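Working notes for the structure below.
The values are calculated or read from the model by the stated rules, or taken from the named source; none is laboratory data. Bear in mind the structure is a predicted one, so any value in this text is a computation, not a measurement. Glycine also receives a Cβ, built like all others from the backbone with ideal geometry; neighbour counts cover every protein chain displayed.
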Amino acid sequence: MLKRICLPVIFMLSIFLTAAPAMAFPDFGLDGRLSAGLGAGFGDEDVGPFVLSGKYWSETVEGGLELFYDGDTGDDIDQFGLAWLAVRYTLHPEEGNSTYMGMGGGLMVNKSSFENSFGYVALLGWDSEQWGFEFKYGYYDPSIYSVVTYWHF
């Protein structure tokens, strides 16, 4: 049990701290934007292949909800939600780069086939003024992944 929880956390935290060594304490002001997105979901087990997502984000923090769905009401694992909150870090902001990474936690909604309702979430994404792209990994035993394209409001 200790290896299944601690090793992924240590691995994600070491990658985050290596890439963001000089990160200042985040400003948690409400100066962010809302985004809605569509994408794909996959994981260690069968999960819903369609993802509907919404998030609120700023330069330093992000939170949102993803719904994994496949249309088959007979299989519970295919239909669930993921709510997450993560700290974001923009890679190379001095170069005008809008690529970011983040790490945080998430809560599983309708967790029928997952061992944990709380898990660790890692983000990797890119944003422009009108749209963005994000890859998300969540460790809930089994792991889930999503790739979503967002439109910003």
Under 6 Å by Cβ, and 6 or more places apart or on different chains, what pairs join a residue from region 140-151 that is more than 14 Å from residue 107 (Cα to Cα) with one that is of a type in the set (Val, Ile, Thr)? 146/51; 148/51
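Please find, within region 128-139, the residue that is modelled with the highest pLDDT out of those that are hydroxyl-bearing (Ser, Thr, Tyr) and part of a strand (DSSP E or B). I'd like the intermediate steps shown before the answer.
Our first condition is that a residue be hydroxyl-bearing (Ser, Thr, Tyr); within region 128-139, this holds for 128, 137, 139.
With part of a strand (DSSP E or B) added as a condition, the list becomes 137, 139.
Details: 137: 90, 139: 82.
Among them, the one singled out is 137.
Checking the structure you have, find out if any residue of region 23-31 is at pLDDT 60 or above, exposed (fewer than 15 other Cβ atoms within 10 Å of the Cβ) and more than 18 Å from residue 149 (Cα to Cα).
Quick first cut of region 23-31, residues at pLDDT 60 or above only: 30-31.
Remaining after also requiring exposed (fewer than 15 other Cβ atoms within 10 Å of the Cβ): 30-31.
Right, trim to more than 18 Å from residue 149 (Cα to Cα) and you get 30-31.
Taking every residue of region 23-31 in turn, at least one turns out to be at pLDDT 60 or above, exposed (fewer than 15 other Cβ atoms within 10 Å of the Cβ) and more than 18 Å from residue 149 (Cα to Cα).
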Answer from 61, 51 - the residue that is surrounded by 15 or more Cβ atoms within 10 Å (Cβ to Cβ), modelled with pLDDT of 80 or more and over 18 Å from residue 139 (Cα atoms): 61
Going through region 140-153 one residue at a time, which ones are in a strand (DSSP E or B) and crowded, with 21+ Cβ neighbours inside 10 Å? 144, 146, 148, 150
Kindly provide the set of residues from region 51-69 that are more than 24 Å from residue 115 (Cβ to Cβ) and part of a strand (DSSP E or B), ordered by number. 52, 54, 55, 56, 57, 61, 62
